[in-house]
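Visitor: Below: one structure in structure tokens.
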Amino acid sequence: MEKFKRMIGIDGAPPTVRLIAVSGVEGNAGDYLAANGRPWLSIEPISVFAPGRWFRMRYRLGLYDRPVRPLVSYRRGSAEIGWHLLPGPVLGRADWFAIVPAEATAVWISPVSEPGRFCFNIEEIEPLSSLALLAMGLAGNKGRFLSAAGTWLLGWRKEAQENLRWSIQGAPLTAWPAYRDRLSVAARLDEFESPRCDWARAPAARLLVRLEAETAAAQIEETIASLRDQLYPRWTLTILGTSEDAAANGRLNSWLTKDARLAMRGERMNLDSEDADFVAFVEFGDRLAPHALACFIEASLRAPGALVLYCDEETATAEGQAPIFKPDWSAHLQAVRPYVGRLMLTRLGHARSRIRLAKVPILEAGFVQNVLRGLGRRDVRHIRRFLVQTRERRREEQDVTASSEPRRPRAPETSATIVMATRDNEDFLRRTISGILEKTRFARLDLVIVDNGSTDPRALSLLRSAARDERVTLLRAPGPFNFAALNNLGAAKARGDVIVFLNNDMEIIEPEWLRELAERAIDPQVGAVGCKLLYPDGRIQHAGVVLGIGEGAGHFDAGLRDGEPGWLGRNLLLHEASAVTGACLAVERAKFATAGGFDAVRLPVEYNDIDLCLRLEELGFAALWTPFARVVHFESASRGKATFRRLDTHAAERAYFRQRWADRLRDDPFFHPGLSLVSLSAALA
């Protein structure tokens, strides 16, 4: 107990904190100018943290600045000795719980990830006592807290500290109202939130709203009042349609006489304005945050090439207000589950090119579909702020039906080579080979088995028997286990247009699984393709990889039942991901060669699959996950699986991966900086 108290205990108050520009940044007193995507500020004095002791740090980012997860670097002299990812301050503020290594002589923080002006400060650093940590751990993730105690008793100090941090960082989504109220910043035009640009010369926001028969006067009041409270003054609201409700019409007429920015129109209309201005739909009952339009305009000037901008929203549910965290632009997800929602602003010139505004009635769903069609990631900017409160979603907007995407017309059948590394484990191997050769409906397939020194007589007999099939090539590759090298060796013998890397502990349960992967992989814009992997008990093992989980990478929504939709229904829908697991990964052979294959030198065992996906993305090929191919995975049957895993396991690979992809780990575009990296399902950071 005394050891555990020493791990978590601290008393006393820290001195006043200062931020000093040290690299890639100029400025002071909260107002800075970043010269690159990783500006560093030194948090001084180091004694503010009482190194070796626990603390809570609250920090604030300007509302016009793009939230990412701040990156903290621990330094000893000129060398970095470790780093952490912090929660993104998407509400304006965020809290971080941690312990600075006792040997650290400096702590640096990188609050943003793009050049330009930003405002940032540290509002408070609070020391945490033993009793405070104990209470927080018991109130938080109890499993992680017990793991912290267990690993501490085993003498695993770093693992204990990480488990303790994970047990107290974050909150469930059901805690949203209190979480929001605690961390939200009130918008006001003070120095911290002063305009970054000249608002008098910035684009105007031309908002459209439909007046429905059921529109109530109170809903009209909510929306117009929130618009008149906007910090950004250059907006108009055009009301389409008519109402027979006397109260609604009376309230509208009252507002029309008070504000010249409001106007009534019929069903058909034209927008006479500049191409650079923005047009957007709202709905009566929507309440825009006072800084909403200011955030849009500032973001549009930071990303002048963006044609469409959208934000996160808070919506009413039967249980109360709930957040809708959205990923950055995900074209496949939007096509099957329109998640962009409100508030979405579109350049007027772009809207005119897609919709003949003067000729047809404007309906929001068609408007959104047309302006987003065919856009790429550089065309669409996601503002990671909760800028609008919306009414409860209609039923058809909420539900995601199980794997119901209409199938595309079947493409001409391609050829595929399955590459499988193996060693012993005859039972698993027999099931996997049988599933490939006997249960897979795919005419042009072959199988390359790379045997990494099997010695089990039953496994050797099975391999000899399999090699008699003309579709099977058997390669012998004894020696230390190097997953990347074994798969590269197999890929070199591949004959198919598509290579599917497959673990040896799989059960094929659907005959069309390979066709689904191969047809997705030959898309010219797609790199790696992953499938839905299930544990033998029917729970999800893999539905796409999220970068930054555990400050590495992890399988988000792992552990849910197969039919559970997960965050935004993605477990049932085709969607982009930053990476997919190498346990079942399809990629076109030419793209694999262009990327240089797996990194067998620096990443022989860990993270080589994630690294490959990210290198393919650098070449312009996005990773894709599909629920329309399902395979059962008896995870890590060949290498074993530890209950308590040491952080020094494959430490060199982990260190290289974290250093090589640090900027991607802090900012996975298909996740959200306001969501937790210490939970495998959606939770508050």
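Visitor: Using the count of nearby Cβ atoms within 10 Å as a rough guide to exposure, how do HIS650, HIS542, HIS575, HIS84 rank from fewest to most?
Guide: HIS650, HIS84, HIS542, HIS575
Visitor: Where does each of SER110, SER147, SER300 land when they are ranked from fewest to most other beta-carbon atoms within 10 angstrom? Working shown, then result.
Guide: Numbers: SER110 27, SER147 20, SER300 24.
Final ranking by Cβ density, sparse to dense: SER147, SER300, SER110.
Visitor: Compute the projected area of the convex hull of the Cα atoms of the stretch 416-665, averaged over all viewing directions, and report it in nm² to one decimal place. If you can, show how the numbers build up before the last one.
Guide: On the way: hull surface 49.9 nm².
For the Cα atoms of the stretch 416-665, the hull's average projected area reads 12.5 nm².
Visitor: Need one number: % antiparallel among DSSP beta bridges in the chain, to the nearest 5.
Guide: Expressed as a percentage, antiparallel bridges in the chain total about 60.
Visitor: Classify the stretch 199-398 as rounded, prolate or oblate from the Cα gyration tensor: take a ≥ b ≥ c as the square roots of its eigenvalues, call it rounded if a/c is under 1.5, otherwise prolate when a/b beats b/c and oblate if not.
Guide: Working: a/c = 1.40, a/b = 1.21, b/c = 1.16.
Rounded, since a/c falls under 1.5.
Visitor: Modelling each spin label as a point 7 Å along the Cα-to-Cβ direction, I'd like the VAL22/GLU438 distance in nm, to one decimal.
Guide: Placing both labels 7 Å beyond Cα along the Cβ direction yields 6.2 nm.
Visitor: Explain nothing, just the number: dipole magnitude of the chain about its Cα centre with +1 on each Lys and Arg Cβ and -1 on each Asp and Glu Cβ, in debye rounded to the nearest 20.
Guide: 740
Visitor: So for the pair ASP497, SER254, with labels modelled 7 Å out along Cα→Cβ, what separation do we get in nm?
Guide: Modelled inter-label distance: 6.6 nm.
Visitor: Sketch the reach of a paramagnetic label on ALA175 as a point 7 Å from Cα along Cα-to-Cβ, and name the residues of the stretch 306-344 whose backbone nitrogen lies under 19 Å away.
Guide: 320-325
Visitor: If you don't mind, there's one more thing I want to ask. Please give the calculated 222 nm ellipticity per residue for the chain, where each DSSP H segment of at least 4 residues contributes -39500 (n - 2.57) and the sum is spread over every residue; nearest 500 deg cm²/dmol?
Guide: Using -39500 (n - 2.57) per qualifying helix, the result is -7500 deg cm²/dmol.
Visitor: Set the bar at 29 Å for Cα to Cα. Now go through LYS258/LYS326; LYS158/LYS532; LYS439/LYS493 and name every pair that lies beyond it.
Guide: The answer is LYS258/LYS326; LYS158/LYS532.
Visitor: Next up: Whole-Hz Karplus ³J(HN,Hα) for the stretch 550-556, in order, using 6.51 cos²θ - 1.76 cosθ + 1.60 and θ = phi - 60°, x for Gly and Pro?
Guide: Per-residue couplings from phi come out as x, 6, x, 7, x, 8, 6 Hz.
Visitor: On to the next question. Assign unit charges at the C-beta atoms only (+1 for Lys and Arg, -1 for Asp and Glu), then state the dipole size of the stretch 416-665 relative to its Cα centre in Debye, rounded to the nearest 20.
Guide: Roughly 400 debye for the stretch 416-665.
Visitor: State, to one decimal in nm, how far the label point of GLU274 lies from the label point of LEU619, with both points 7 Å from Cα in the Cβ direction.
Guide: About 4.3 nm, to one decimal.
Visitor: Let me know the shape class of the chain, please: from the alpha-carbon gyration tensor, a ≥ b ≥ c as square roots of the eigenvalues, rounded when a/c is under 1.5, otherwise prolate if a/b is greater than b/c, or oblate.
Guide: Verdict is oblate for the chain.
Visitor: Could you tell me which residue out of PRO565, VAL545, ALA590 lies farthest along the dipole of the stretch 512-661 toward its positive end? Charges go on the beta carbon: Lys and Arg +1, Asp and Glu -1, centred on the Cα centre.
Guide: Result: VAL545.
Visitor: Taking θ as phi - 60°, what are the ³J(HN,Hα) couplings along the stretch 491-498 by the Karplus curve (6.51, -1.76, 1.60), each to the nearest whole Hz, with x for Gly and Pro?
Guide: 5, 5, 9, 5, 10, x, 5, 10
Visitor: Moving on to the next point. What list of ³J(HN,Hα) couplings, whole Hz, do you get for the stretch 535-543 from phi and the Karplus terms 6.51, -1.76, 1.60, once you set θ to phi - 60° and write x for glycine and proline?
Guide: Once θ is set to phi - 60°, the couplings for the stretch 535-543 become 5, x, 8, x, 7, 6, 9, 8, 10 Hz.
Visitor: Using a ≥ b ≥ c from the Cα gyration tensor of the stretch 271-385 (square roots of the eigenvalues), is it rounded, prolate or oblate, where a/c under 1.5 gives rounded and otherwise the larger of a/b and b/c decides, a/b for prolate?
Guide: Here the stretch 271-385 falls in the rounded category.
Visitor: Can you find, among LEU533, TRP661, VAL380, the residue farthest towards the positive end of the dipole of the chain? Put +1 on the C-beta of Lys and Arg, -1 on that of Asp and Glu.
Guide: Toward the positive end, the furthest listed residue is TRP661.
Visitor: Go ahead and run the numbers for FRET between LEU134 and SER194, Cβ-Cβ distance against an R0 of 56 Å, rounding to 0.05.
Guide: Using R0 = 56 Å, I get an efficiency of 0.85.
Visitor: Rank these for me by crowding, THR215, THR594, THR455, going from fewest to most other beta carbons within 10 Å.
Guide: Values: THR215 22, THR594 14, THR455 9.
Least to most surrounded, the residues fall as THR455, THR594, THR215.
The numbers here are math on the coordinates, done by the rules we state, and not lab data. Bear in mind the structure is a predicted one, so any value in this text is a computation, not a measurement. Positions of Cβ are backbone-derived with ideal geometry, glycine not excepted, and every protein chain shown enters the neighbour counts.
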